[in-house]
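The values are calculated or read from the model by the stated rules, or taken from the named source; none is laboratory data. Treat the numbers as computed from the prediction; the structure is a model and nothing was measured. Here the Cβ is made from the backbone with ideal geometry for all residues, glycine too, and neighbour counts use every protein chain on show. The accessibility values were calculated without ligands, DNA or RNA, using every heavy atom of the protein model including side chains. Shrake-Rupley method; radii C 1.70, N 1.55, O 1.52, S 1.80 Å.
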Amino acid sequence: MGNAHFGLIGLGVMGENLVLNAERNGFSSAVYNRTYAKTTEFLLGRGAGKQIVGAETLEDFVALLERPRRILMMVKAGQPIDDLIATISPLLEDGDLLIDGGNSLYTDTERRVADLESKSFGYIGMGVSGGAKGALEGPSMMPGGTRSAYDAIAALVGKMAAKVEDGPCVTYIGPGGAGHFVKTVHNGIEYGIEQILAEAYDLMKRGAGMSGIAMADVLRGWNELEELSSFLVEITEVCLRTRNPEDGGDLVELIVDAAGQKGTGLWTVESALQMGVAVPTIYAALNARVMSSLRNQRLKAAAAMELSVNSNLNLGTPADGMAPLRDACILACIASYAQGMELLREASNVHQYNLDLAAIAQIWKGGCIIRARLLQRIQEAYGTHSNLENLMMDPWFLEQIRTRLINLQQVVAGAAQAGIPVPCLSSTLDYITSYFSGRLPQNLVQAMRDCFGSHTYERVDQSGSFHTEWLV
């Protein structure tokens, strides 16, 4: 019987950093990698002199761990996880616990929890956010599964997680795939905010002709504001300030404008469509990445159309922090969070996750990619009104919309006239004005549906369903 407190499978950058994090916090560890040479390299390098032992086979790895075993799997999501579970399960005993720390589809996690729990094993699907640095220094962690399985790792993850003023950035999320669902939505919000900042950059660059340093100075000012202070604004400033070592120019201007995605943004949008939740800002961010991938087509189309960009845009000035653009970005970020939280609220109802939205906002305040001062306001909003239908209806957020909406309208209108696409900003404007509109034109849609398909409609002046023989 071994005595290592914690086991890790998968020595990629995230895996290495997480096991070093655990060891630093007093948990001796055993590690296994499919390629043993990688294990040896780690033990002779970053793992040297630490309470970490390696194993060449899964049998040896399992034997190194104290009972009940706690094993974190940091391997590629999908079939590789299923294959690993099938291989290691015969080596486990009652009460042993597997933890999937990757970005798995939450429905896969639901299936695995049910299957493993039926065999008397514990299974946790745990979202981990913070990138490589966060994994080492303290990430935000979103574990889901049975409460008893979480209790078995609570001390471990409580020590490993990032810390903020009101506690560690980890909590029990809920049953089944709740942890991975929350991480998926986290990533959807991340997509939105990244695209919002990219659109702000594009407007300042092409609309106002600003240099990287000038834009970085604006971002530095934004990061001092409660409404925009965040990790993503911070690193956007860094990216814009970084020089090309060869000629001293803006390095960002040499990067190909085609962005990738790993699936979580798509899963967010798919889940929202399935549950009937509007997430237009997040969808626009996903679609912007899809459009960016069509780079060869876009270059041909740009040459054929020869659209000119009108730089006569009122975005504000560096002296006032680009106030209209700043306000537009504040509202778009609020919308991205609001859409994500609404999707979590609906998923909690559909899947009976019993999600605590205030607690989720709390664990996102440190360690993770979307950490921001705004999350304190989000935590307070849901802590005060746990049944809040939409974050935008909280008094503080409502006041932000009321005072800043005119600048969002101005920026979106100006961008359209200038010929600069702003999908997230324009989708946010549509989202806000639609949500706060007492009348939308879907009454005509319902009339058309009844006209061509006899789908019936409801009336505002009478109860019941109605059908009309429309004159065609």
The extension gain from Val445 to Ala359, computed as 0.36 nm times the residue separation minus the Cα-Cα distance, is 27.0 nm
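Could you compute Rg(Cα) / (2.2 N^0.38 Å) for the chain, with N its residue count? It would help to have the intermediate numbers written out before the result.
On the way: Rg = 24.9 Å, N = 472, 2.2 N^0.38 = 22.8 Å.
Dividing the Cα Rg of the chain by 2.2 N^0.38 Å gives 1.09.
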From the Cα centre of the stretch 365-414 to that of the stretch 237-302, the distance in Å is 23 Å
Most packed first (mean Cβ within 10 Å per residue), the peptides 94-104, 63-73, 28-38 order as 94-104, 63-73, 28-38
Residue ranges of DSSP H helices in the chain that stretch 30 Å or more (Cα, own long axis) and have mean Kyte-Doolittle hydropathy of at least -1.0 are 178-202, 323-351, 395-418
With the 8 Å Cα cutoff and a minimum separation of six or more residues, the stretch 101-159 has a relative contact order in percent of 28 percent
With +1 at each Lys and Arg Cβ and -1 at each Asp and Glu Cβ, the charge dipole magnitude of the chain around its Cα centre, to the nearest 20 debye, comes out at 440 debye
Expressed as a whole-number percentage, the relative contact order of the stretch 334-472 with C-alpha contacts under 8 angstrom and at least six residues apart is 14 percent
On each of the three principal axes the extent of the alpha-carbon atoms of the stretch 222-301, given in whole Å and largest first, is 50, 42, 21
GluC sites (Glu not before Pro) in the stretch 397-472 lying in a DSSP loop, each with at most 15 other Cβ atoms within 10 Å of its Cβ, come to Glu469
Note to self: C-alpha centroids of the stretch 156-234 and the stretch 1-37 sit apart, in Å, by 29 Å
Sorted largest first, the Cα spans of the stretch 97-249 on the principal axes come out in Å as 62, 33, 30
Carbon/sulfur accessible area of the chain, % of total, 1.4 Å probe, equals 53 percent
Burial-style ranking of 14-21, 132-139, 459-466, 225-232, average other-beta-carbon count within 10 Å with highest first, yields 14-21, 132-139, 225-232, 459-466
Extension length gain for Phe452 and Gln409 (0.36 nm per residue less Cα distance), in nm, is 11.8 nm
Normalised per residue, the volume inside the convex hull of the alpha-carbon atoms of the stretch 314-472 in Å³ amounts to 192 Å³
Here D for the stretch 37-146, in µm²/s, from Stokes-Einstein with a Kirkwood Rh over Cα pairs at 37 °C and 0.692 mPa s, works out to 218 µm²/s
Expressed as a whole-number percentage, the relative contact order of the stretch 25-87 with C-alpha contacts under 8 angstrom and at least six residues apart is 31 percent
Result for the stretch 74-224: accessible area per residue, probe 1.4 angstrom, in square angstrom, of 34 Å²
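In the structure displayed, which of Lys133/Lys163; Lys205/Lys262; Lys159/Lys262; Lys38/Lys159; Lys38/Lys76; Lys50/Lys133 lie more than 21 Å apart, Cα to Cα?
Lys205/Lys262; Lys159/Lys262; Lys38/Lys159
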Sorted on mean Cβ neighbours within 10 Å (highest first), peptides 276-285, 208-217 come out as 276-285, 208-217
With 0.36 nm assigned to each residue of separation and the Cα-Cα distance removed, Glu270 to Glu380 gains 36.7 nm
Under a 1.4 Å probe, counting only protein heavy atoms, Lys163 has an accessible area in Å², nearest 10, of 120 Å²
Computed about the Cα centre, the charge dipole of the stretch 162-286 from +1 Lys/Arg and -1 Asp/Glu charges at the Cβ has a magnitude in debye, to the nearest 20, of 360 debye
